[in-house]
Amino acid sequence: MAKPRELKRRIRSVQNTRKITKTMELVSTSKLKRAQDRVVGARPYAQALAEVIGELYSPELAERFPLLRQPGRSVRGAGVRRSALLLITSNRGLCGAFNSNLIREARRRLEELEAQDTHTELHLVGKKGVSYFKFTRRNVASQRVDIGDRPTLRHAEELVQPLMDRFAAGDLDAVDVVFAKFNSAVSTPPTTMRILPVTPPTKRRSVNYILEPSAEEILDELLPLYVQNQFYRALVETAAAEHGARRTAMKNATDAGQDMLTILQRTFNRARQAQITQELAEIVGGAEALKG
Amino acid sequence: MMRVSVISAERAVFEGEADAVVAPAYDGLVGILPRHAPFMTLLGTGIAKIHRSGETIRLRVAGGFLQVASNVVRIVAGSASPADS
C-alpha cells in the first residue's frame, strides 16, 4: 500500500487540477452563451439574403454571373480542376476531439478531391490546423491565427474576397469550407460546405417586384454578400462549437477528477488507519515485553 | 401601419411597426408608406429613418438591400447601428 504522505500529495494535485477544469468549464459556459447569441443573431440576415436571391434568381441569369459558374461548364473543360479548401479550427486546445475531428474531415475531403485529380490548395484558420499541417509538411496556401473566438464580418470578407476574385477569374473551380456546424451545444458535427460556385437557394419568384436597378444588378451586388455571409456563419458557428466542445471536455475532466479524488481519499484513510493500528499494536507489544 | 425590420449581418437591429420609412437607396432616398407595392432596391450608405407615431428612429446603414412585400419592409444591411442625432 502506498505511503500516506505520497497519497496526500496526489490528492492535492488532483484537487488543484479539478479546480482548474471546473473554472474552465464555467468560463466556457458563459462564453458559449454569448457565442450562441451571435449564431442566432446572424440567422435572420442569412435567411433574408437567401430568400431574396432565390426570388431574383433564374437559370437564364445564371450564365452571366461568374460566381454561379458550375464546374461542369468551366473554361478549361469538364470537372473541377483546381479547388481551394478552407479549414477552420480553434486557436486553443483542451476542447476534446473538437480540432482533430475538424482536421480529419478536412483530410477526408482532401483525399476525395485528390482522388478526382483536383489540385487542391489549403487555407487554414486557427492555430490547431496550422500546427497539424506543419507537422505533416503539407503545402499551405495561406494561414491565419488572429481571428480568435469573436469573428467579424470583416474577417470573413478578408478571407473570402481573394478566393472570390480568383474564382471569378477562372483560376479556381470550387471552394469548400470545413467547419463545425453548430446544431446545439452538444452536437457540432464537422461539416464540409461548398461556398463556390454558389448554389442558388431554390425558391420560385412569387411576387412581382418593382426592381431598382435591374434584377441582374441587384444579384451582382448580393451574390458576393451571400458568399461572405455563408463564410461568416461558418466562422461564428465554429467559434460557438469550440466553446461547447470545451465545456463538455472540461465537465468530463472535472467529473473524472472527482471520481479519482474519492478513490484516493478512501485509500489514504485506509492507509492512515492501518498505520495507527500498527503503532498501537507496537506500543501494546512493547508494554507487554517490559512487564515480562 | 406596416411592419419594419432592420437586419444587419450580426443581428436584428430593429423590429416593429411604423408609419413611414425613409431609406438611402443606391441612387437617393426612397420613402415607403404603408401599402406600398412590392419593391426591391439596393441600399447605399446613409441614415434610415423610421417614423412611428410622432417619434423618429434613426439608424446608420451601409450596403445591402431593402425589400417591401405585403406591408412588410425589410432593410437588410451589411452594417446597421443606431445613429446619434
Please compute the contact order of segment B:2-82 in relative form: average sequence separation of alpha-carbon pairs under 8 Å and at least six residues apart, divided by the residue count, as a percent. 33 percent
If I take every Cα pair under 8 Å that is 6 or more residues apart in chain A, average their sequence separation and divide by the length, what percent do I get for the relative contact order? 32 percent
Which whole-Hz couplings ³J(HN,Hα) result when phi for each residue of segment B:26-42 is put into the Karplus expression 6.51 cos²θ - 1.76 cosθ + 1.60, θ = phi - 60°, listed in order with x for Gly and Pro? 4, 10, x, 6, 10, x, 10, 10, x, 6, 6, 5, x, 8, 9, 8, 7
Rounded if a/c is under 1.5, else prolate if a/b beats b/c, else oblate: with a ≥ b ≥ c from the C-alpha gyration tensor eigenvalues square-rooted, which is segment A:36-171? oblate
So what J values fall out for segment A:178-195 if you push phi through Karplus, 6.51 cos²θ - 1.76 cosθ + 1.60 with θ = phi - 60°, rounded to Hz, Gly and Pro as x? 9, 8, 9, 6, 9, 6, 7, 4, 9, 10, 9, x, x, 9, 10, 10, 8, 8
Farthest toward positive dipole pole in segment A:193-283 [+1 Lys/Arg, -1 Asp/Glu at C-beta], among A:MET250, A:PRO197, A:THR262: A:THR262
Dipole moment magnitude, nearest 20 debye, the protein assembly as shown about Cα centre, only Lys, Arg, Asp, Glu C-beta charged: 2140 debye
Straight distance only, please: which aspartates and glutamates reach the Cα of A:LYS3 with their own Cα at less than 19 Å, same-chain residues fewer than 8 apart left out? A:GLU279, A:GLU282
Among A:LEU56, A:TYR45, A:PHE98, which residue has its Cα positioned farthest towards the positive end of the charge dipole of segment A:1-121, with +1 placed on the Cβ of Lys and Arg, -1 on the Cβ of Asp and Glu, and the dipole taken about the Cα centre? A:PHE98
Dipole magnitude of segment A:28-248 about its Cα centre, charges +1 at Lys/Arg Cβ and -1 at Asp/Glu Cβ only, in debye to the nearest 20? 1200 debye
Please list, ordered by chain and number, the residues whose modelled amide H lies under 5 Å from the amide H of A:GLU121; skip anything fewer than 5 residues away on the same chain. A:SER83, A:ALA84, A:LEU85
Near the amide H of A:VAL145, under 5 Å away, which other amide H atoms are found, from residues 5 or more places off or on another chain, if H is placed in the peptide plane? A:GLY126
In sequence order, calculated HN-Hα J values of segment B:58-67 (Karplus, 6.51, -1.76, 1.60; Hz; x Gly/Pro): 10, 10, 8, 10, 8, x, x, 8, 10, 9
Can you pull the Rg over Rh of chain A, Cα-only, Kirkwood? 1.27
Taking segment A:1-74, which trypsin sites (Lys or Arg not before Pro) meet the DSSP loop condition and have no more than 15 other C-beta atoms within 10 Å? A:ARG64
For A:LYS31, counting only lysines whose alpha-carbon sits under 18 Å away and dropping same-chain residues fewer than eight positions off, the answer is A:LYS22, A:LYS181, A:LYS251
Rounded to the nearest 0.05, what FRET efficiency is calculated for A:ASP37 and A:ARG92 with R0 set to 22 Å and r the Cβ-Cβ distance? 0.60
Counting Lys and Arg as +1 and Asp and Glu as -1, what is the net charge of the other residues whose Cβ lies under 13 Å from the Cβ of A:GLY285? -2
About its Cα centre, what dipole magnitude does segment B:2-82 give when the only charges are +1 on Lys and Arg Cβ and -1 on Asp and Glu Cβ, stated in debye to the nearest 20? 20 debye
Among all the aspartates and glutamates, which ones have a C-alpha under 16 Å from A:LYS19's C-alpha, if same-chain residues fewer than 8 places away are not counted? A:ASP255, A:ASP259
Calculated FRET efficiency, A:LYS134 and A:LYS3, Cβ-Cβ r, R0 51 Å, to nearest 0.05? 0.70
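Every number in this text was worked out from the coordinates using simple rules, so none of it is lab data. The structure displayed is predicted, hence computed values, not measured ones. Using ideal geometry, Cβ is built from the backbone for each residue, glycine included, and neighbour counts are taken over all protein chains shown.
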